[in-house]
Each structure stands twice: as structure tokens, then as C-alpha cells.
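**Student:** Have a look at this one.
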Amino acid sequence: MDQDLSARLRDLKEAHGWTAKEMGEMIGIPKRTMESYMRPRDAAYPGVDALRKLATGLGVSLDWLVFGAECAGRRSASLAKLVTLSAAREVLPDLFQAIDRVDDEPLEEQFVGGRTAGEWAEALATIAAERAFNVASLGATSEALEHFERRFELKAALERLQTFEALKAKKLELEAQIAELRADMGSDSPD
């Protein structure tokens, strides 16, 4: 048994003033089983389902419970990066469209798309926090987060390509309209 896991369980018990019986009731396992996980020596090793119940019932992440703060910190950093990028992709197009319509006022004084710069930042942070909570509550593993990050990067690359293709199509459409206008006007003048 990883002594760190049993030590973390004992630390939680002590920090909250819980008894082994109370912890077992919160998690839905017998008191003796809970005590066996917390023994300083020869502690029982919980299975996957029990680990998930422990983390959920005690209000801690599965990564922290199993691997400790260092791993949980790396996971949290990856999660923060992913959800912030994801939220930014949702908020920034509206912001950029609104900026295109704004005068040369100082940014702090502008209401871009009906929001100040601070309100845009708050909207981005709110979306990111909601997504982080949703992903964390699913108990995502580091591998799942890495997979999600690769999918996110591929999706972003595809969206850039689609934007480029849309711009090319718009350019061709505008060139056709210009040619049509020139034909209607009987103009043979160069660009």
C-alpha cells in the first residue's frame, strides 16, 4: 500500500475532526474498511471504485488522493490552460467583431459589444471556471486531459483552416461582384 494515500486519509480525518465511522458513512463503506485504508502499516489498498468513492465522498480530487499535491497541481495547471483556451474561443470572436466597430477611444473607456474590458475578462473567467468545475467533477485523468488537449488543438487548427477557406470564398465572391459591377458600368479600367 502506498503509505502516502493512507497518510492523506489520516490527514483529512484529523483536519476535519471526523471519525472513521463518519468517513465511512460519507463514502458509503464500512468503518472497518475505512480503518484498513488508514492504517500506518500494512494498509489495505482500495480498488478503483473505492478510490472514486473516497475522493467524491471526502471532497478531494482523485489525483490528489492517489498521487498527492504535486500531481494534482500539474493536472490543475493543464485543466486551467485547457478550459481557459476553450472559453476564450467562445468569447473572443464576439469581442473581435465588436472591436472592429469601435472608435479610437482608450480601451478602458470603451464599451465593446456592450461590455468593458473588465466585463469581457470576467465573462471569460466565468466560462473557464464553469468548465474547469465540470471537467474536474468528472474525475478526468491526466491522460484524458492530454487527449482532450490534442483534440482541442486539432479542432482549433480545423477552425483556422475553415476560416481561411471562408475568407478565400468571400474574396472570390467579392471579385465576382466587382467584375459584375465593372461589366454593368462598361468599365475596362484596371484595378
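**Student:** When only residues in segment 19-33 that are surrounded by 14 or more Cβ atoms within 10 Å (Cβ to Cβ) and touching a residue at least 24 places away in the same chain (Cβ under 8 Å) count, which is nearest to Leu9 (Cα to Cα)?
**Tutor:** Met23
**Student:** While we're looking at this one, here's another question. Under 9 Å between Cβ atoms, which residue pairs at least 6 apart in sequence (or on different chains) link something in segment 176-191 that is among the β-branched types (Val, Ile, Thr) with a partner that is modelled with pLDDT under 85 and not in a helix (DSSP H, G or I)?
**Tutor:** From residues that are among the β-branched types (Val, Ile, Thr), the pairs are Ile178/Asp191.
**Student:** Out of all the residues in segment 2-56, which are at pLDDT below 90 and on the phi > 0 side of the Ramachandran plot?
**Tutor:** Residue satisfying the conditions is Asp42 alone.
**Student:** Go through segment 1-54 and give me each residue that's of a type in the set (Val, Ile, Thr) and not in a helix (DSSP H, G or I).
**Tutor:** Thr19, Ile29 - these are the residues of segment 1-54 that are of a type in the set (Val, Ile, Thr) and not in a helix (DSSP H, G or I).
The values are calculated or read from the model by the stated rules, or taken from the named source; none is laboratory data. Small disclaimer: the values here were computed from a predicted structure and weren't measured. Every residue, glycine among them, receives a Cβ derived from its backbone with ideal geometry; neighbour counts consider all protein chains shown.
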